[in-house]
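The values are calculated or read from the model by the stated rules, or taken from the named source; none is laboratory data. Computed from a predicted model, the values in this text were never measured in an experiment. A quick note on method: Cβ atoms are made from the backbone with ideal geometry, for glycine too, and the neighbour counts reach across all protein chains shown. Surface areas here come from the heavy atoms of the whole protein model, side chains and all, with no ligands, DNA or RNA. Shrake-Rupley method; radii C 1.70, N 1.55, O 1.52, S 1.80 Å.
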Amino acid sequence: MGQKQKIPVGVIFSTTGPYAEVSEAMLCGTLLAIAEVNASSALDFELVAHVRNPAGRTQAYEDVARDLIINHRVSHIVGCYTSSSRKAVIPVVEKYDAILWYPSHYEGFEGSSNVIYLGASPNQHIVPLAHYMTKNFGRNVYLCGSDYIWPWESNRVMREIVTDVQGSVLAERYVAVGCVDIVGLIEEIRDLKPDFIFNTLIGESSYAFLRAFHAAGLRRASDGREIPVASCTLSEAELKLIGGMAAAGHIVSSVYFQSIDTERNRQFVELFRKKFGREKVTSADAEACYNSVHMLALAISQAQSETTNSVLDAVTHISFDAPQGKVLIDEDNNHCYLTPRIGVSMPDASFKVIAAAPHPCKPDPFLASLKSSPFLMDEQKSDIEAGVKPRLRVVR
Amino acid sequence: MTSSIPNFSNMSALVIHRHDANVEALVGQLRRLNISAICQWPPRNKDVAATDMVFFDTDNGFDGMFGWAGVPPVPLIAMVGSETPGRLEWAINQKPNAYMTKPVGSKGVFLALVTAFNAFQADARLHSDLRALEDRLRLRPMVVKIIFGIMKSMNIDDDAAFRILRSESMQRQISIEECCRELACSADAQQKLISSLRSQGSGSM
């Protein structure tokens, strides 16, 4: 048997710098999938990872991407987490006609022909969450977030949906990224008594908020239960960092949870831990990275070529049995069909899935059909386990 | 700039944007047009008196980053990266005269400049016309009052009174409204007009 063809793949994650923790998990998801592809007897090629760490500096992403393409003959790059880093790489892949496999959820309103978007579009996380919360907990929401584009745009969508159901936004507050002075938020929530809180704070701000919120023990006026906190970003790894009961009872929308109870996911989690350490946890972003590499390999195999055009053609004709379920690329917009889920955090730093879409949901990065298609999910029994009882209300 | 070749030579630009490849590309293009540029981030020099145009980042911009409120005092050009609704709404609220998309390349800078300066001048004309019209509208009650006065003093109908007023304002080369204000300010002037018309023996022209 001849030697397998070696195909170089750029891998760009900031494993040091301000979002190192998330990037580390993303790198692990990528490397696990590359190892699986290379071990597969069904594929006649191997992927050779060229791993780069721009350390969170936006300009460095551009330089690294250009170097990978020009000096290492890379046509495919898996990487980027923040929107600013993605926006830095896009001009480079467009100029040299390469492909960026972008494996993170983001705020949408973008569509490059040289990017395959593997993470959730806004209609796959924030929209389902907004519908779930307004349906089950009430229509008066308190919005708090970190002061940058992701929270601004997420709150915009939440506001639109809440307003559509005749609810109201009691307040919309932002604190600087990294700021942990959140006493004012807690006091305002005590005063305003919202039905639920939509939390788009990130990192230390979010942990400080959730700890202080738990300590304050704020209750809903309607039923005396704890005010639920909803989010699109809280991950398994972060629950560990927050610690104890302050991390429990929060409602999160995500296309992937480590606790998804399928044989396929259990196998993924086991392989992940075996390769990177028993204490490691998988996450939506890590899964999206894993899916990116497998989709790339399937597309190369289908096309019998790694060139940009062949892979772009092939990628919309394949699907992958991912840890979250079947995923495929929408030929209309290069984004991914994914399965929205709602989970509630448990005291053991895991999520229990309490609602899920019945099938993978078409991505809608520009929210073009926000008003035209009602979002339906199968809600599972466990509202009581979520710690909050759904309130009955009259629908006008 | 409607009929001549647009020329920005020796002008200066303020670029309110974090220094990156976009700013480098922009400053390079401006240099070819003989425009000197000062880059600034975070925004600090709020005085734009010495600047002929301002470029600004819509991705990281925030309320109050400019030293003016309302209509910009110089042509304003938005540098748009993220096309999310929130950012676009913020950008539009700054009332830019032109938009350019990032990444900034070899195309688009000149287009944005020509568009911005034309739109800025057109806006300025429009605002000046609007202010003139608003002034005239404010004087309407005074016009009515003067017309009634002439009708009464000379015992003529409103059309005849209006014709007198129009003729008087044409002679003075001012608007009817302005003419009425002058007449209203001076009882003497009003009296003089009416007596002169009476002496001509007719109120009608």
Against the longest principal axis of chain A, how steep is helix A:183-192, in degrees 0 to 90 to the nearest 10, with axes from Cα atoms?
-> 50
Could you work out, for the range A:1-98, what percent of all Cα-Cα pairs fall into each 5 Å distance bin, beginning at 0 Å and stopping at the bin that holds the largest distance?
-> 3, 14, 24, 21, 18, 12, 6, 3, 1, 0
Given the pairs A:362/B:102; A:87/A:275; A:240/A:352; A:87/A:280, which are separated by over 23 angstrom at their Cα positions?
-> A:362/B:102; A:87/A:275; A:87/A:280
Roughly what angle does helix A:263-276 make with the longest principal axis of chain A, taking Cα atoms, 0 to 90 degrees, to the nearest 10?
-> 70
Thinking of the range A:183-258 as a set of Cα atoms, what percent of all their pairs are more than 16 Å apart?
-> 46
Cα convex hull of the protein assembly as shown, projected area averaged across orientations, nm² | 37.9
So what are the range B:37-121's ellipsoid semi-axes, whole angstrom, largest first, if each one is the square root of 5 times an eigenvalue of the alpha-carbon gyration tensor?
-> 17, 16, 13
Once you have the Kirkwood Rh of the range A:93-218 from its Cα pairs, apply Stokes-Einstein at 20 °C and 1.002 mPa s and quote D in µm²/s.
-> 135
With all protein chains modelled, accessible area of residue A:214 [1.4 Å, Å²] = 70
Mind giving me the nanometre distance, one decimal, between the label points for residue B:80 and residue B:44, set 7 Å out from Cα along Cα→Cβ?
-> 3.1
Dipole magnitude of the range A:51-100, debye to nearest 20 (Cβ charges: Lys/Arg +1, Asp/Glu -1, about Cα centre) = 100
Once you put a point 7 Å from the Cα of residue A:177 and another 7 Å from the Cα of residue B:163, both along the Cβ direction, what distance in nm separates them?
-> 7.5
Could you give me the radius of gyration and the Dmax of the range B:77-205, taking only the C-alpha atoms into account and expressing both in angstrom?
-> 25.4, 76
Can you give the helix-only mean residue ellipticity at 222 nm for chain A, where every DSSP H stretch with n ≥ 4 adds -39500 (n - 2.57) and the sum goes over all residues, rounded to the nearest 500 deg cm²/dmol?
-> -12500 deg cm²/dmol
Taking the Cβ-Cβ separation of residue B:121 and residue A:331 as r and a Förster radius of 56 Å, what is the calculated FRET efficiency to the nearest 0.05?
-> 0.75
With a Förster radius of 56 Å, plug the Cβ-Cβ distance of residue B:131 and residue A:73 into 1/(1 + (r/R0)^6) and report the FRET value to the nearest 0.05.
-> 0.30
Averaged per residue, what accessible surface does the protein assembly as shown expose to a 1.4 Å probe, in Å²?
-> 46
With a point put 7 Å past each Cα toward its Cβ, work out how far residue A:193 is from residue A:42 in nm, to one decimal.
-> 5.8
Accessible area, 1.4 Å probe, largest first: how do A:377, A:245, B:53 sort?
-> A:245, A:377, B:53
In chain B, helical segments from DSSP H whose Cα atoms cover 27 Å or more along their own axis and that average at least -0.5 on the Kyte-Doolittle scale are B:109-138
Quote to one decimal, in nm, the extra length available between residue A:273 and residue A:97 on full extension: 0.36 nm per residue of separation minus the C-alpha distance between them.
-> 59.8 nm
Please work out the FRET efficiency for the pair residue A:266 and residue B:106, using the Cβ-Cβ distance as r and a Förster radius of 41 Å; give the result to the nearest 0.05.
-> 0.20
